């Protein structure tokens, strides 16, 4: 079976290519990557994130319809410490590199990796996304200040879904 990092690389390569669908079968497992077309209202040539399906061979079923792209929660629903007012056009979004469960801290009783107002560097771990029982540390990949946390702890996230907004330095 492919490792998570190998799947990430495949997603990046497919996203940058003109390939619309990629299927890989190995030792009874199947990996299916599909581009889902254009986002409504998006700039031309901006494709939707790839959809990932991994199943044991015995449970293969037709691919489900495209998952709905979740809108970020309104600031009124977020806790006060999760938002710092700033002009949104200058912000960089940290997005989920995979489908999984979002965790703000390494364990339920630990402090969150970052809060609104936290300074981050490109190698700062900002959260964990659990996928297929693997806990993947997500790095900021940008230097700046966390301005907004867009998802709640324990929430399911989609590939490409914004998790944080950062004011770059």
Selection count where residues are part of a loop (DSSP other than H, G, I, E, B) and either under 13 Å from the mean Cα position of the chain (by Cα) or in the same structural domain as residue 12 (by TED's automatic domain parsing) (or both), scope segment 90-118: 4
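Residue-by-condition table, conditions (1) farther than 24 Å from residue 11 by Cβ; (2) out of contact with any helix residue (DSSP H, G or I) (no Cβ under 8 Å at 6 or more places or on another chain):
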{"site": "95", "(1), (2)": "no, yes"}
{"site": "102", "(1), (2)": "no, yes"}
{"site": "106", "(1), (2)": "yes, yes"}
{"site": "116", "(1), (2)": "yes, no"}
{"site": "128", "(1), (2)": "no, yes"}
{"site": "140", "(1), (2)": "no, yes"}
{"site": "158", "(1), (2)": "no, yes"}
{"site": "163", "(1), (2)": "no, yes"}
{"site": "166", "(1), (2)": "no, yes"}
Restricting segment 119-144 to residues that are surrounded by fewer than 17 Cβ atoms within 10 Å (Cβ to Cβ), farther than 14 Å from residue 103 by Cβ and in contact (Cβ under 8 Å) with a residue 24 or more places away in the chain, the residue that is farthest from the chain's Cα centre (by Cα): 119
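The values are calculated or read from the model by the stated rules, or taken from the named source; none is laboratory data. All values reported here derive from a predicted model rather than from experimental measurement. Heads up, the Cβs are rebuilt from the backbone with ideal geometry, glycines too, and the neighbour counts pull from every protein chain shown.
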